[in-house]
Amino acid sequence: MQSDDFHVFDTTLRDGAQREGITYSVADKLAVARLIDQVGVGFVEGGWPGAMPKDTEFFARAAAGELRLDHAVLVAFGATRKAGVAVEDDAQVRALLDSRAPVVTLVAKSDVWHVERALRTSLDENLAMVRDTVRFLVDEGRRVFVDCEHFFDGYRHDPDYGVRVLDAAADAGADVGVLCDTNGGMLPMGVHDVVTDVRRRAGIRLGIHTQDDTGCAVANTLAAVDAGATHVQGTANGYGERAGNANLFSVIGGLVTKMGRDVLPDGCLAEMSRVSHAVAEIANLSQDTHAPYVGAAAFAHKAGLHASAIKVSPELYNHLDPTVVGNDQRILVTEMAGRASVELKARELGVDVAHAPDVVSRVVETVKRREAEGWSYEAADASFELLLRDELARSSADGALPMPFRVESYRVITDSRASGGQDGIVSEATVRLVAGGRRVISTEEGNGPVNALDRALRRALEGTYPQLAKIELTDYKVRIMAGRHGTDAVTRVLIQTSDHEREWTTVGVHGNVLEASWLALHDAVRYGLLTTAPGV
């Protein structure tokens, strides 16, 4: 359980779910809550019971035992009672109790403009709404936090009214008053000034909730902590409405590794990268590869100058050890690469080039020449490893890397067919090759030329290499690049392949998209065979 000295509060399932394109099922919400708990946060806000049917079901299933949290406490979100309605008669407040969540977060208006123009009630009635709802829930045994909506905008309109809301919440028994930058328009300097002033005047623990409309949500959160806030709210990967919320992983990373705040249980910080990726998968969104701390590129180095320094000491170009947050350092091999980049990448791939300086030199020159032609190895580690191993083999006594198969030719035909009353486009591929001392001809149909080629190639090889049965193409990307120096455009194809235990990516480049696809596919199968059955 997280120490109560400092609160890390996750609202991925409520505020984060307001991001365009995210729709969680109840099963998704339960899965995300379990993942967020593994990071060690103190509170997971599950949604708004009574207002959202899925959220009501989520809390019911959680209460029935479907959600076990090792670190976090489950939180229900709702609003203060309606103006002119007795709190015990407010159905939405009653739904908060029915959720059986031990903690409730109430949203309350703290901006005089919103009280008068949106709620259309008096300033005193709004204070009574806060006071009555908090006291009612506390008397029912609930711990209550109050989100003061539009607090920073309201501070500009009337710097005293927001403090009166906080005092009303505190007097009724609320534990935390959260200052919300609801419109996301603040900058760190302003947040620091406001929190410093409010902390001096309000008699309640302060929290911070920021939106990212200025790109400053994380910085604003850390500025608030520096000014005295001891409760931070955010979402996994910064999900949220408009530009999003404060990315909770970046906030935690800053608190722990930069500000020295011990805000997570032991061992939990290293779960951040894994959880970030897993939540993105459930949300059906691509994980931001360049996200601080947890992105796949967060510790990726491309420039040869960086690689040279990292070879001497990794901390020279890393702001922290990537393993602290569950991430890895990566070296990208591009036309900017020097010898150090190739040597470090080889080490990362498990290829020993320490005693082969001539191989390193040839690989550096090959990469630079090929990148000028449109190739790119920074996202195709498998193709680069094959290049490395081929060059090593050429310099050895044997002089060649074992070739598991030799292709004589391939052909693809695409037809428009009518069958059973339904028209369709069907591709047929024929591959001729030699494998295991036998000449094989294989013809297969597919739902496109690349799919047909993939099926024909694997069918031709399965008799010799049965392990191919578990290898499959999982992603296919094509990029058309403008021609250089008056030449025609060239096509770059990236193919991702999996054997259900690991994934690898290969690249092919050619003026013809089919040949580029074939080069990447050939590398994908060859790499899979060489690494599953070395020496074939």
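The values are calculated or read from the model by the stated rules, or taken from the named source; none is laboratory data. Values in this document were obtained by computation on a predicted structure and should not be read as measured data. A quick note on method: Cβ atoms are made from the backbone with ideal geometry, for glycine too, and the neighbour counts reach across all protein chains shown.
What the table shows:
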{"read-out": "Which listed residue is over 38 Å from the mean Cα position of the chain (by Cα) and either acidic (Asp, Glu) or surrounded by fewer than 24 Cβ atoms within 10 Å (Cβ to Cβ) (or both), from Asp158, Asp111", "value": "Asp158"}
{"read-out": "Scan of the range 361-379 for residues that are in a helix (DSSP H, G or I), among the hydrophobic types (A, V, I, L, M, F, W, C) and crowded, with 18+ Cβ neighbours inside 10 Å, ordered by number", "value": "Val363, Val364, Val367"}
{"read-out": "Candidate set from the range 283-307 (those that are surrounded by fewer than 19 Cβ atoms within 10 Å (Cβ to Cβ), among the hydrophobic types (A, V, I, L, M, F, W, C) and out of contact with any His (no Cβ under 6 Å at 6 or more places or on another chain)); member that is modelled with the highest pLDDT", "value": "Leu285"}
{"read-out": "Selection within the range 127-155 - more than 20 Å from Lys82 (Cα to Cα) and within 33 Å of the chain's Cα centre (by Cα)", "value": "Arg143, Phe152, Asp153"}
{"read-out": "Any chance Leu67 is assigned by TED's automatic domain parsing to the domain that holds Asp213 and surrounded by fewer than 23 Cβ atoms within 10 Å (Cβ to Cβ)", "value": "yes"}
{"read-out": "Gln38 within 17 Å of Thr12 (Cα to Cα) and in the same structural domain as Gly244 (by TED's automatic domain parsing)", "value": "yes"}
{"read-out": "Residues that are surrounded by 15 or more Cβ atoms within 10 Å (Cβ to Cβ) and modelled with pLDDT under 65, drawn from the range 399-435", "value": "Leu401"}
{"read-out": "Test for Phe249: is it under 24 Å from Arg19 (Cβ atoms), part of a strand (DSSP E or B) and either polar (S, T, N, Q) or assigned by TED's automatic domain parsing to the domain that holds Pro102 (or both)", "value": "no"}
{"read-out": "Test result for Ser273, in contact with a Pro (Cβ under 6 Å, 6 or more places away or on another chain) and either free of Cβ contacts under 8 Å to residues at least 60 places away in the same chain or over 16 Å from Val39 (Cβ atoms) (or both)", "value": "no"}
{"read-out": "Criterion: in contact with a helix residue (DSSP H, G or I) (Cβ under 9 Å, 6 or more places away or on another chain), β-branched (Val, Ile, Thr), surrounded by 19 or more Cβ atoms within 10 Å (Cβ to Cβ) and at pLDDT below 95 - qualifying residue of Val279, Val251", "value": "Val279"}
{"read-out": "The lone exception for Gly173 - which of (1) surrounded by fewer than 20 Cβ atoms within 10 Å (Cβ to Cβ); (2) within 29 Å of the chain's Cα centre (by Cα) it fails", "value": "(2)"}
{"read-out": "Some residue of the range 142-158 being of a type outside the set (S, T, N, Q), out of contact with any Pro (no Cβ under 9 Å at 6 or more places or on another chain), assigned by TED's automatic domain parsing to the domain that holds Phe43 and free of Cβ contacts under 8 Å to residues at least 24 places away in the same chain", "value": "yes"}
{"read-out": "Among residues of the range 34-47, those that are crowded, with 24+ Cβ neighbours inside 10 Å and either aliphatic (A, V, I, L, M) or over 16 Å from Val73 (Cβ atoms) (or both), counted", "value": "4"}
{"read-out": "Thr334 touching an Asp or Glu at 6+ places or on another chain (Cβ under 9 Å), at pLDDT 75 or above and not assigned by TED's automatic domain parsing to the domain that holds Gly16", "value": "no"}
{"read-out": "Selection count, the range 224-243, where residues are buried (at least 24 other Cβ atoms within 10 Å of the Cβ) and part of a loop (DSSP other than H, G, I, E, B)", "value": "3"}
